[in-house]
1. From the list ALA32, ALA112, ALA53, exactly one residue is over 23 Å from TYR148 (Cβ atoms), among the aliphatic types (A, V, I, L, M), in the same structural domain as CYS189 (by TED's automatic domain parsing) and without any contact (Cβ under 8 Å) to a residue 24 or more places away in the chain. Which is it?
2. Out of (1) in a helix (DSSP H, G or I); (2) in contact (Cβ under 8 Å) with a residue 60 or more places away in the chain, the odd one out for LEU224 is which?
3. Of all residues in the range 242-268, count the ones that are in contact (Cβ under 8 Å) with a residue 12 or more places away in the chain and over 18 Å from LEU208 (Cβ atoms).
4. Among the residues of the range 219-273, what is the count of those that are small (Gly, Ala, Ser) and within 30 Å of LEU440 (Cβ to Cβ)?
5. Just to check your reading of the model, which residue among GLN69, GLN105 is touching an Asp or Glu at 6+ places or on another chain (Cβ under 7 Å) and either in the same structural domain as VAL221 (by TED's automatic domain parsing) or surrounded by fewer than 17 Cβ atoms within 10 Å (Cβ to Cβ) (or both)?
6. Which of the following residues is surrounded by fewer than 17 Cβ atoms within 10 Å (Cβ to Cβ), of a type outside the set (D, E, K, R) and in contact (Cβ under 8 Å) with a residue 12 or more places away in the chain: LEU413, LEU395?
7. Looking at (1) within 28 Å of GLY175 (Cα to Cα); (2) aromatic (Phe, Trp, Tyr); (3) out of contact with any strand residue (DSSP E or B) (no Cβ under 8 Å at 6 or more places or on another chain), which one does PHE111 not meet, given that it meets all the others?
8. Restricting attention to the range 362-381, which residues are surrounded by fewer than 17 Cβ atoms within 10 Å (Cβ to Cβ) and out of contact with any strand residue (DSSP E or B) (no Cβ under 6 Å at 6 or more places or on another chain)?
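The values are calculated or read from the model by the stated rules, or taken from the named source; none is laboratory data. Computed from a predicted structure; not experimentally measured. Cβ coordinates were reconstructed from backbone atoms using ideal geometry, including for glycine residues, and neighbour counts include every protein chain displayed.
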Amino acid sequence: MGGFFGVASKQDCTFDLFFGTDYHSHLGTRRAGMAVYDKENGFDRAIHNIENAPFRTKFDKEVNEMHGQLGIGCISDFEPQPLIIRSHHGTYAITTVGKINNTAQIEKELFAHGHSHFLEMSGGDINATELVASIVNQRENLVEGIRYAQELIDGSITILIMTPKGIYAARDRMGRTPVVIGKKQDAYCVSFESFAYLNLGYTDERELGPGEVVVVTPEGVCSLVKPGKDMKICTFLWVYYGYPSSSYEGMSVEQMRYNCGAKLAERDHVHPDIVAGVPDSGTAHAIGYSNRSGIPFSRPFIKYTPTWPRSFMPTIQTQRNLIAKMKLIPVHDLIQGKSLLLIDDSIVRGTQLRETTEFLYQSGAKEVHIRPACPPLLFGCKYLNFSRSTSEMELIARRVLKEINDEGRKIDLAAYVDPNTEEYNEMVERIGKKLNFTTLRYNRLDDMIESVGIPKDRLCTYCWDGRE
C-alpha cells in the first residue's frame with residue numbers, strides 16, 4: 001500500500017517528519033524516504049531500502065543532518081520516493097500512494113508529446129511517482145496538473161507535492177485512500193494515518209474529501225479544489241491495512257474489527273474452547289467474537305516481536321511462507337487437546353493460514369475452526385497495491401472455482417459472491433478441505449459493511465463482489 005507524512009512549520013520540521021513517517025511503517029516494506037526544504041539551503045532528500053531494517057534505524061543519521069521548514073516523507077511498498085523534480089513549475093518534491101493500471105498507455109502518450117525518457121527501476125518498471133510527475137508537468141500549473149493526473153490515471157492516486165511555498169495534498173478522486181490534516185502552534189501536518197501526529201502534539205483539523213486538493217503552509221490549509229460527492233474508500237483499510245489506533249471517515253479501525261468479530265459470532269454454530277486471532281490484525285476481530293459469544297479469548301501462539309516486529313514480509317512468496325512459520329511461537333498449554341477458533345483478517349492465497357493450521361495440529365490442537373473477517377477474495381484489486389499478484393488465479397477462491405470449471409461446470413461468479421447460494425457454500429467447503437480446516441465460515445459482505453457503519457455506495461468492495 002504505502003503511506004506518507006508531511007509537515008509545514010515555522011520551525012525546523014525534521015523531528016516531526018521523521019517520527020510521523022515512521023508511524024506509517026506498517027504500510028510498506030521496500031523503500032522509505034524523506035525530503036525537506038530549507039529557505040537557505042533549498043531541497044535535501046534521502047531514500048533507503050527498509051527490507052532488512054526498520055525506518056528509524058535507516059534514517060537515524062538523516063534526522064540529525066537534514067533541516068527544513070517543509071518536509072514530506074513516505075513508506076513505499078515498491079518504488080523509491082519522494083522524488084525531486086525540476087520542471088517549468090520550478091523544483092518540487094513528490095510522493096504518491098495508489099496504483100496505475102494504464103502505465104503503458106500514459107507512457108506512449110507522453111512520448112508522443114515530446115517527453116524524452118524515464119529512468120527504469122530494477123525489473124524494467126517505470127517509477128510510478130516519476131510517471132505522475134511527468135503527467136503533472138503537462139499542464140500550466142500544479143493544480144491543473146494534479147487534476148489532469150487524477151483524470152488520466154486508471155486506478156487511484158493520492159499525491160503530495162512540496163514546493164518552496166507549501167505542500168500540495170491531493171486525495172484520490174474517489175477517496176480510496178485517506179488524507180487527514182493535523183495542526184499545532186506554528187505548524188500543520190498532512191498524513192495518511194490519523195494517529196501518526198497525535199504524540200507529536202498535533203490535534204485533528206479535518207479529513208480531505210474525495211478529489212480535494214489543498215495547499216498546506218505553516219499558517220494554515222487552503223482548499224484549491226473542492227471535494228467531489230462520490231467516494232469509494234477501501235474497506236480493507238479497516239479489515240487489515242489500517243493501524244488499530246487510526247480512524248477513517250469517523251470510524252475507528254479497532255472498533256470496526258470488534259464489530260466484525262461480533263457479527264461472525266452471531267452467525268456461528270460451533271462451540272470451541274477458545275477464540276484466538278492471527279497476530280496482529282486478526283486479534284481485534286477475535287476479541288469482538290469473544291466478547292459477543294462469551295467464549296474465552298486466548299493467545300495460543302505469540303509473534304516473536306523482538307526480531308519480527310513488522311506486519312509485512314518479503315515480496316517473494318517462498319520467503320513469506322517460511323517467515324510466516326518462523327514468526328509464531330506456540331503456547332502448548334493453550335493448544336494441547338483444545339478446540340480452537342482462529343480469526344484472520346482474510347484468506348488470500350491460503351498458504352500461510354494452512355501452515356498455521358498445520359502448526360497448531362502439530363502442537364496438539366484437537367480442532368481448528370477458521371473464521372476470516374472478510375468474504376472470499378474473488379477479484380484482484382484494481383485500485384491499490386493490496387497484492388502484487390500476477391494473476392487472480394493466485395487467489396485460493398479462484399483456484400477452487402477453476403477446479404469446478406475443469407469438472408465441466410460453467411462458472412457464474414455472481415452465484416459465488418452471494419453467501420445464500422449452494423454454489424457459494426460448495427466453494428467455501430472446498431476451500432476448507434483444501435486448507436485442512438475443521439470448519440470454515442467467512443464473514444458476510446453485508447455484515448462487514450454494517451461493521452464499518454458507512455453506506456455501501458461510499459465503500460470500495462471490488463475485491464469481494466467485483467462491483468466498481
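1. Details: ALA32 fails: without any contact (Cβ under 8 Å) to a residue 24 or more places away in the chain; ALA112 fails: over 23 Å from TYR148 (Cβ atoms).
Of the residues listed, the single one that is over 23 Å from TYR148 (Cβ atoms), among the aliphatic types (A, V, I, L, M), in the same structural domain as CYS189 (by TED's automatic domain parsing) and without any contact (Cβ under 8 Å) to a residue 24 or more places away in the chain is ALA53.
2. Only one criterion is unmet by LEU224, namely (1).
3. 18
4. Going through the range 219-273 one residue at a time, the tally reaches 6.
5. GLN69
6. After applying the criteria, what remains is LEU413.
7. Of the numbered conditions (1) within 28 Å of GLY175 (Cα to Cα); (2) aromatic (Phe, Trp, Tyr); (3) out of contact with any strand residue (DSSP E or B) (no Cβ under 8 Å at 6 or more places or on another chain), the odd one out for PHE111 is (1).
8. GLN362, GLY364 - these are the residues of the range 362-381 that are surrounded by fewer than 17 Cβ atoms within 10 Å (Cβ to Cβ) and out of contact with any strand residue (DSSP E or B) (no Cβ under 6 Å at 6 or more places or on another chain).
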